[in-house]
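The values are calculated or read from the model by the stated rules, or taken from the named source; none is laboratory data. In this text, all values refer to a predicted model and were calculated from it rather than measured experimentally. Counting neighbours? That spans all protein chains shown, and the Cβs are built from the backbone with ideal geometry, glycine included.
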Amino acid sequence: SPHFTVIPLALKNPNFELRTNSIVLKINLDSTRKKAVSVSYLDARGREFEQPADLIILSAYALGNVNLLLQSGIGVPYDPATGKGVVGRNYAYQCGGGATAFFDKKTILNRFMGAGALGTCMDDFNGDNYDFVKAGYIGGGGISCSNSGARPIQSHPTPHGTPRWGSDWKKAVVDNYDHAANVGNQGAVMAYRQNYLSLDPTYTDIFGRPLMRMTFDFQDNEIKQMNGQADICVKIAKEMGAIRVDRSIPPVPYSIVPYQSTHNTGGAVFGADPTTSVLNKHLQVWDVPNVFVTGACVFPQNAGKNPTGPVGALAYWAADAIKNYLKNPGPLVPS
């Protein structure tokens with residue numbers, strides 16, 4: 001985590017200051033709308049400040065970066081009706097689903113043990129490792145068994161059809177807690193014209209700004225993928241010796257209510273064409289060259305793996321480009 005690696009090193013530099021418990025409201029532009037001049041932010045007491053800046057880097061969470069661009073009027077907001085505009089375009093999520101394997105009482109899994117990233121993942125059905133033409137969908141996903149430490153309050157796998165509460169539910173939790181395992185799919189989601197991020201015309205946040213709105217649903221390709229990958233997970237679970245296997249996929253149409261994933265991508269993608277991307281290949285905003293953007297919002301699709309590694313790599317890539325920018329401020333790629 002940068003909190004324990006990058007920031008402590010940065011704090012050792014005399015020209016670095018970290019202002020915690022603050023929230024950025026918007027980036028302010030000059031009269032030409034081609035140059036950012038400052039950032040407006042609130043501190044923990046609700047006082048608003050304006051911080052002048054020659055260079056601004058948006059390094060919030062993916063959705064936060066897109067929200068700041070929209071709130072600041074940087075880039076043209078995407079319009080799904082015309083297909084024009086770039087900010088909010090290419091939003092993508094992740095596909096889930098899989099199988100829960102239930103074993104006999106002799107099979108003890110010690111599910112209370114675990115670590116943050118303990119598990120096994122295979123890419124046999126991810127990307128171009130598999131012939132998805134026969135399957136009828138593209139993208140695929142990683143299939144994994146993991147154990148991050150099944151906390152009893154949080155994790156209580158029960159067979160489909162078990163009552164949601166009461167004595168029968170309690171008995172099922174006790175009977176299955178240490179005899180159940182999940183085989184899960186984490187699949188790719190393609191970008192579609194109708195999936196995008198925008199500012200809500202009605203609702204506002206606590207600061208009076210329009211809320212950012214997510215318009216999203218799984219499309220036919222993703223529905224086929226979730227079902228196809230879930231079938232593979234069921235086969236694996238049966239080969240593991242399960243006495244019962246329950247298959248599941250996320251709700252269709254999409255529902256935000258059951259937790260599925262926090263790996264959102266897109267909305268401020270990088271590319272070679274200013275009419276289809278917010279950023280150039282150096283993660284520099286086409287329209288406002290002294291603003292750079294990092295994070296998973298720069299990806300045009302969401303692959304069958306978490307974007308964490310490439311996010312870090314692209315941050316180094318952008319940092320290297322910024323060193324060149326500082327020598328000669330201006331667009332690093334002609335638009």
Could you please find all residues in region 291-335 being surrounded by 20 or more Cβ atoms within 10 Å (Cβ to Cβ) and within 19 Å of K34 (Cβ to Cβ)?
-> V291, F292, V293
If you go through K26, K35, the only one that is modelled with pLDDT of 95 or more, closer than 23 Å to A319 by Cα and in contact with a Ser or Thr (Cβ under 9 Å, 6 or more places away or on another chain) is K26
Which of the residues belonging to region 237-277 are under 18 Å from the mean Cα position of the chain (by Cα) and of a type in the set (A, V, I, L, M)?
-> I256, V257, A268, V269
Residues located in region 209-257, provided they are charged (D, E, K, R), assigned to a strand (DSSP E or B) and either out of contact with any His (no Cβ under 7 Å at 6 or more places or on another chain) or without any contact (Cβ under 8 Å) to a residue 24 or more places away in the chain (or both) = R213, R244, R247
Among the residues of region 256-297 satisfying the criterion of being out of contact with any strand residue (DSSP E or B) (no Cβ under 9 Å at 6 or more places or on another chain) and hydrophobic (A, V, I, L, M, F, W, C), which is nearest to G312 (Cα to Cα)?
-> A272
Hey, could you check region 184-202 for residues that are part of a strand (DSSP E or B) and aliphatic (A, V, I, L, M) and say which is nearest to the chain's Cα centre (by Cα)?
-> V189
Within region 258-272, which residues are in a loop (DSSP other than H, G, I, E, B) and hydrophobic (A, V, I, L, M, F, W, C)?
-> A268, V269, A272
Residues A44, A62, A99, A36: which one is among the aliphatic types (A, V, I, L, M) and out of contact with any strand residue (DSSP E or B) (no Cβ under 7 Å at 6 or more places or on another chain)?
-> A44
Looking at (1) in contact (Cβ under 8 Å) with a residue 40 or more places away in the chain; (2) closer than 30 Å to D175 by Cβ, can you tell me which one L69 breaks?
-> (2)
For strands (runs of 3 or more DSSP E) lying entirely in region 37-108, having 3 or more residues that are surrounded by 15 or more Cβ atoms within 10 Å (Cβ to Cβ) picks out 56-58, 98-102
Hey, K305 under 22 Å from I143 (Cβ atoms) and modelled with pLDDT under 95 or not = yes
